[in-house]
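Everything below concerns the one structure shown next.
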């Protein structure tokens, strides 16, 4: 009986430590945030956190869904001599909700750091990293530079990708709210379709506007020059 109680106690103690460790890991691997910025949060809240005005957000497209971007350049607090590795953070919003965070790191502040160095540092907050399920592929990024997804941290709702650009080379961290990935992509494709469909009409309107402006300019000049003209 005593041995049975010891076994039960040990089992209970082991279970307790497992639960504690799992809870600690869960708390450490909070993939819903970057520096306190919560994916899924509305634009006014994020703007307030960065010290910006919501009106500073740039509209990327307005239909069939509103997609906006707000940029933030982190600065060290106070007179600290510690430099800031995150050079530019871009928050992207779908109908007012934060669906993506892109952290561009200063290539000079990350110069010499290996992929393992970056993974180790990021894993301290996001838990164990994993290689992409699909083989990493180079894809065109901003300004035509190639980008490669090196590793990922994810759960059922959120994902962070460590990306390396051929420019510099440099690193960036991309966090996404998974449930909005598909709707955003559908909205982008539909916006492109609508733009292509209406392109001829917009071009015709542009030409007509330019012709009207030229005609108005000539009419104004005629009114000014005709009375004083002498052959």
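Nothing in this text is a laboratory measurement; each read-out follows from the coordinates by a stated rule. Bear in mind the structure is a predicted one, so any value in this text is a computation, not a measurement. All Cβ positions, glycine included, derive from the backbone under ideal geometry; neighbour counts span all protein chains shown.
Give the shape of region 64-118 as rounded, prolate or oblate, defined through the alpha-carbon gyration tensor: a ≥ b ≥ c are the square roots of its eigenvalues, a/c under 1.5 means rounded, and otherwise the shape is prolate if a/b is larger than b/c and oblate if not. Here region 64-118 falls in the oblate category. Taking 0.36 nm per residue of sequence separation and removing the Cα-Cα distance, the residue 88/residue 63 pair yields an extension gain of 6.3 nm.
Fewest neighbouring Cβ atoms within 10 Å first, the residues 67, 101 line up as 67, 101. Model label sites at residue 186 and residue 167, defined 7 Å from Cα along the beta-carbon direction, differ in position by 3.2 nm.
Most tightly packed first, judged by the mean number of other beta-carbon atoms within 10 Å of their residues, the peptides 209-217, 145-153 read 145-153, 209-217.
Each part reduced to its alpha carbon centroid, region 212-231 and region 42-118 end up 52 Å apart. Of the peptides 196-204, 37-45, 222-230, the order by per-residue mean of other Cβ atoms within 10 Å, starting with the highest, comes out as 37-45, 196-204, 222-230.
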